[in-house]
Amino acid sequence: MLKEKIAIVTGAGRGIGEGIARKLAQEGAIVVCADINLADAERVAGDCGKQAIGMRLDVSNAGDCDAAVKATHDRYGRLDVLVNNAGINRDAMLHKMTDEQWHQVIAVDLSGVFFMTRAASRIMRAAGSGRIVNISSASWMGNIGQANYAAAKAGVVGLSRTAAKELARSQVTVNAICPGFIDTAMTRGIPDAIREQQVAKIPLGRAGQPADVAAVVAFLASDEAGYVTGEVINVGGGYVLG
């Protein structure tokens, strides 16, 4: 679906981002695997084809985001797909959450999406085409112990819908995906009892896999999704039906 498309995936070094990068490469895209951890980014890029590259990127830094998009455009001559996946969590109950925990999550999970979208939109507007897929979370609707994360992910939904309206005339689509409980290194660190509780809430009866999210990203990044924009798509096995 994505033969020779140029794609940037942030947070591509592991978890959902790694799954997305691998899927886009399987579909024929040339993938820039961007991550705060360069070694992880290069490891994934090494499995994504000889034209793929790993890139260190701190999405909370606007200058880094501008430079990453420029470097990609300079190297390949265009930018077709941006997947904003990079994210962190710093969970705590609201009354115990520190300023640092709040600002860290907002900086990466929301500001990072804005910085990358802003930079990519300039190129895509000029080209008259492009696909932006933002990874939000089912937590955007509220989740105990995640005031910072939920606020950021809700912001991603609002940002995505606004960008979709602004960029539509340039034939650039923008959509958000809200994963539910996905089996990654992050969720494997959750205590077993809590993990079991979360899985029990899923009507399909299992945790999701990065590949489940990646498949939807690949469709939204493709030409086949040219008439889909401003959508918020849950990928959680029915988790939000709770």
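Filtering segment 84-126 to residues that are basic (Lys, Arg) and either touching an Asp or Glu at 6+ places or on another chain (Cβ under 7 Å) or within 22 Å of ASN143 (Cα to Cα) (or both) leaves ARG90, LYS96. Within segment 151-166, none of the residues are without any contact (Cβ under 8 Å) to a residue 24 or more places away in the chain and more than 21 Å from the chain's Cα centre (by Cα). One residue stands out in segment 1-39 among those that are assigned to a helix (DSSP H, G or I) and β-branched (Val, Ile, Thr): the one that is surrounded by the most Cβ atoms within 10 Å (Cβ to Cβ), namely ILE20. Would you confirm, using the coordinates I've provided, whether VAL31 is under 22 Å from ALA176 (Cα atoms) and touching a residue at least 40 places away in the same chain (Cβ under 8 Å)? No; evaluated as a whole, the condition is false for this residue.
The residue that is farthest from THR117 (Cα to Cα), counting only those in segment 52-76 that are in contact (Cβ under 8 Å) with a residue 24 or more places away in the chain and in a loop (DSSP other than H, G, I, E, B), is ALA52. If you go through segment 131-176 and pick out every residue that is assigned to a loop (DSSP other than H, G, I, E, B) and crowded, with 19+ Cβ neighbours inside 10 Å, you end up with 2. Taking residues in segment 37-51 that are polar (S, T, N, Q), and partners anywhere that are modelled with pLDDT of 95 or more, the pairs with Cβ atoms closer than 6 Å and at least 6 places apart or on different chains are ASN37/GLY13; GLN51/ILE30.
Does VAL199 satisfy being touching a strand residue (DSSP E or B) at 6+ places or on another chain (Cβ under 9 Å) and outside any loop (DSSP other than H, G, I, E, B)?
No, not satisfied.
Looking only at residues that are among the acidic types (Asp, Glu) and in contact with a helix residue (DSSP H, G or I) (Cβ under 9 Å, 6 or more places away or on another chain) in segment 56-110, which one is nearest to ALA147 (Cα to Cα)? Ranking the qualifying residues of segment 56-110, first place goes to ASP91. When residues in segment 190-210 are screened for being exposed (fewer than 14 other Cβ atoms within 10 Å of the Cβ) and in contact with a Lys or Arg (Cβ under 9 Å, 6 or more places away or on another chain), 0 of them pass.
The values are calculated or read from the model by the stated rules, or taken from the named source; none is laboratory data. Note that this is a predicted model, so its numbers are computed, not measured. Heads up, the Cβs are rebuilt from the backbone with ideal geometry, glycines too, and the neighbour counts pull from every protein chain shown.
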